[in-house]
Amino acid sequence: MSLVFANTTLSEALPVAANYRESLSLVAKAFPELPYVERYWSAWYHYMQNDVLATGLMFFCLHEFMYFFRCLPWFIIDHMPYFNKYKIQPTKIPTNKEQWECLKSVLISHFLVESVPIWTFHPTCQKLGISITVPFPSWTTSFYQICIFFVLEDIWHYWAHRLFHYGPFYKYIHKQHHRYAAPFGLTAEYAHPAETMILGFGTVGMPIIWVYFTSNLHLFTLCLWITLRLFQAVDAHSGYEFPWSLHHFLPFWAGAEHHDLHHHYFIGNYASSFRWWDFTLDTEAGPEAKAEREERMRLKAEKKAMASKKTQ
Ligand SMILES: [Zn+2]
Ligand SMILES: [Zn+2]
């Protein structure tokens with residue numbers, strides 16, 4: 001029996017469905033007040049009759065679908081010369097061969113590396129008290145929790161990524177992700193398995209830490225968060241900068257321009273979603289940021305020299 005229904009008496013009375021369609025109509029009859037999304041969600045768990053398998057399969061499919069769904073528009077516009085004017089590094093359009101090589105590597109990683117935590121996620125949810133029941137939490141609850149996850153993941157990503165640029169970590173782990181100096185959507189998850197697990201901790205581990213302290217998290221919120229985080233990662237690697245890109249409206253949002261500079265110059269812009277860490281800690285990438293940094297250092301040295309002259 002699935003634990004998806006808060007009303008266990010009614011759910012125990014629900015007959016097992018032969019297929020998903022039947023499960024959907026059974027749920028609709030038993031819980032007519034449920035909104036559509038919650039109906040589809042609970043019908044899935046009721047049909048599967050095995051919450052571990054239901055969560056694992058759902059997460060795996062969600063990850064595959066959302067990742068490639070978000071990569072597809074970037075792949076298409078890479079083949080449309082009209083969009084070249086929006087390309088950040090316009091002379092570096094990925095070839096079909098490069099895209100194919102990257103796709104193969106990403107798929108291997110999805111099936112062999114990322115699938116392990118995905119399939120074992122439900123027992124973790126149960127231990128930590130991540131809820132799967134309907135009704136869902138309010139939109140405001142999901143919204144504020146997702147905002148918190150974005151901020152926490154960005155902190156983790158900044159420091160772990162900065163560490164990955166240190167000598168041996170770069171040489172043996174992070175170098176793989178930097179194979180493409182001009183990234184494209186698919187390269188978002190093109191990385192060494194160790195990097196996938198360590199940076200992935202920011203995405204999965206932060207909600208786990210959150211629920212450990214608050215006991216307040218629903219799996220549906222987690223699905224939304226993972227989808228948005230995937231979109232953010234793919235978009236950051238898209239290689240395109242538009243006049244309508246989000247960072248023009250939210251100046252602290254990183255976006256593709258920020259991460260493209262990281263791939264181009266290999267140094268600086270270590271954060272994932274926001275610009276504030278690189279700005280505050282003076283690790284912004286690119287020739288402009290470098291020139292500003294050097295100018296600041298020059299002024300500082302001049303000031304110091306003047307001060308020591310005065311004391312003599
Ligand atoms: Zn890097
Ligand atoms: Zn990258």
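Worth pointing out:
- For a straight C-alpha distance cut-off of 16 angstrom, the aspartates and glutamates reachable from LYS171 (same-chain residues fewer than eight places away being disregarded) are GLU195.
- Eligible lysines near LYS300 by straight Cα distance, threshold 18 Å, same-chain separation 8 or greater: LYS290, LYS309, LYS310
- Efficiency of FRET between LEU72 and GLN312 - r from beta-carbon atoms, R0 51 angstrom, step 0.05: 0.15
- Taking 0.36 nm per residue of separation and subtracting the current Cα-Cα distance, fully stretching the chain between VAL37 and TYR144 would add 36.5 nm.
- Other residues within the sphere of radius under 9 Å centred on the Cβ of HIS110, judged by their own Cβ, net out at -3 (K and R +1, D and E -1).
- Taken over the stretch 185-293, the alpha-carbon convex hull comes to 133 cubic angstrom per residue.
- Estimated FRET transfer efficiency (GLN176, THR280; beta-carbon r; R0 25 Å; 0.05): 0.30
- With R₀ set to 30 Å, the beta-carbon distance separating ILE93 from TYR166 gives a calculated FRET efficiency near 0.40.
- The convex hull of the Cα atoms of the chain, projected and averaged over all directions, covers 21.3 nm².
- Max-minus-min Cα coordinates of the stretch 1-49 on each principal axis give 22, 22, 15 Å, with the largest extent listed first.
- Full extension of the segment from LYS29 to TYR265, taken as 0.36 nm per residue of separation minus the current Cα-Cα distance, would add 79.1 nm.
- Remark: spin-label model distance ALA13-MET197 equals 4.9 nm, labels positioned 7 Å along the Cα→Cβ axis.
- Sequence-distant residues sharing a close amide H with SER273 (under 5 Å, placed H): none
- The gain in end-to-end length when the LEU107 to LEU299 segment is fully stretched comes to 64.1 nm, 0.36 nm per residue minus the alpha carbon separation.
- Helices of the chain meeting both criteria, an alpha-carbon length of 24 angstrom or more along the long axis and an average Kyte-Doolittle score not below -1.0, with helices taken as full DSSP H segments, are 51-78, 139-164, 193-214, 219-236.
- For the stretch 156-216 versus the stretch 20-97, the inter-centroid distance based on Cα atoms is 22 Å.
Since every read-out is calculated from the coordinates, none of them should be taken as a lab result. Everything numeric in this text was worked out from a predicted model, so none of it was measured. FYI the Cβ positions are ideal-geometry reconstructions off the backbone, even for glycines, and counts take in every protein chain you see.
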